[in-house]
1. List the extent of the Cα atoms of segment 113-168 along each of their three principal axes, largest first, rounded to whole Å.
2. Which lysines have a Cα less than 19 Å from the Cα of residue 262, not counting those fewer than 8 places away in the same chain?
3. Compute for segment 78-224: radius of gyration divided by Kirkwood radius, i.e. Rg/Rh, restricted to C-alpha atoms, rounded to two decimals.
4. If segment 154-219 were replaced by its equivalent ellipsoid, with semi-axes equal to the square roots of 5 times the Cα gyration tensor eigenvalues, what would those be, largest first, whole Å?
5. Go through 245-253, 66-74 and give me the packing order, highest mean Cβ count within 10 Å leading.
6. Taking every Cα atom in segment 137-177, find the radius of gyration and the maximum pairwise distance Dmax, and write them in Å.
7. Relative contact order, percent, of segment 122-246 when contacts are C-alpha pairs under 8 Å separated by at least 6 residues?
8. Please report the relative contact order for segment 169-315, taking Cα pairs under 8 Å with a sequence separation of at least 6, and give it as a percent rounded to a whole number.
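Please treat every number below as a calculation from the coordinates, not as lab data. Note that this is a predicted model, so its numbers are computed, not measured. With ideal geometry, Cβ positions are generated from the backbone for all residues, glycine too; neighbour counts draw on all protein chains shown.
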Amino acid sequence: MARNYFGFFLLIVLVLCGAALGAYLRWSTGEVGAIQARLFASVSQTAMSGILPVIQKQKTDAENITLLFAGDIMLSRAVGDVIQKNNDPRFPFLRIKTYLDSADLRFANLEGPISDRGANQGSIYSFRDDPKTIEGLTYAGFNVLSVANNHSMDWGRDALTQTIELLEANHIVPVGAGRNETEANDPKTVEVKNNRIIFLGYTTLLPKSLNAKDAAPGLSTFDVKKVSETIRELKSFNQANIIIVSMHWGEEYQAYANAEQKRIAHALIDAGADLIVGTHPHVVQEVERYEEGWVAYSLGNFVFDQNFSDETVRSVLLKVTAGANKILSVALVPIKINGNFQP
């Protein structure tokens with residue numbers, strides 16, 4: 001009798017062990033996972049509606065973008081002659097167009113007004129681009145152009161005003177000048193795939209008499225302390241902003257930034273700027289990682305007729321990868337301007 005009880009007990013143990021083994025195998029082969037999926041599917045749509053937008057928003061905010069920064073663009077003088085000869089305002093950008101299209105945002109310095117108004121202010125190096133050249137800039141896909149440089153006022157305030165009007169009419173954001181003081185100094189915001197980018201633009205090369213006034217067009221006002229305060233305010237308002245400052249500064253044809261450029265750049269990054277983009281020297285200067293920011297002291301020429309040296313026809317594009325409202329990486333893309341002034 002005891003032997004029969006033992007056999008029955010042994011049978012129960014074997015059955016329980018088999019069930020346990022079967023459960024383990026079902027788990028390892030995914031059957032339990034399928035059961036869990038059915039359970040989660042039974043959760044009410046009302047409960048899930050509060051979860052899904054959060055998940056989707058996090059995914060969207062993390063999306064990376066590519067920004068391309070170019071140096072000086074000048075579309076008059078010999079460049080203007082080539083455009084006229086080919087009867088095509090797009091001509092300077094034909095060879096670089098495909099690469100520019102790979103970016104989500106494109107920026108450069110517009111060296112001189114686009115206008116048929118105004119009067120030459122007297123410099124032997126006064127630039128003024130034909131209004132038709134706006135077609136080339138839109139074809140190239142520029143989203144933001146700095147107009148804060150030492151040639152923006154070559155043909156006076158009327159020519160500057162027309163430049164701003166033409167850019168805005170063609171959906172290009174002008175930064176660093178305006179029809180009045182407020183407009184000239186206002187930060188310009190561009191949103192790209194939920195990344196909020198704020199642009200400021202200045203030059204250190206012109207007298208303050210050419211700055212915009214209450215009711216007079218002109219350039220933005222650069223004072224390192226005031227600009228630093230502006231950047232701090234922008235950062236305190238929203239830490240997620242990417243703040244980019246365009247600076248037209250330095251010394252022409254010098255391969256390295258001077259002490260004043262470095263002093264300004266470091267002060268602006270200490271205030272919260274993420275990237276300083278420099279132009280004017282017409283040659284490439286160093287790129288520096290400083291604290292939490294980046295400084296490209298000079299990107300050289302992009303479209304220009306200075307074909308008298310290797311340094312003035314070889315330059316770079318600054319390629320910036322950003323995501324989640326911060327700069328993730330920077331890289332330099334070498335370019336060369338050919339005999340027809342095309343990068």
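1. Result, largest extent first: 33, 19, 17 Å.
2. The qualifying lysines are 225, 226.
3. 0.97
4. Working from the Cα gyration tensor, I get semi-axes of 22, 14, 10 Å.
5. Values: 245-253: 22.7, 66-74: 25.0.
Listed from highest to lowest mean packing, they are 66-74, 245-253.
6. 10.0, 27
7. Dividing the mean separation by the residue count of segment 122-246 yields 25 percent.
8. Values: 303 pairs, mean separation 25.7, N = 147.
It rounds to 17 percent for segment 169-315.
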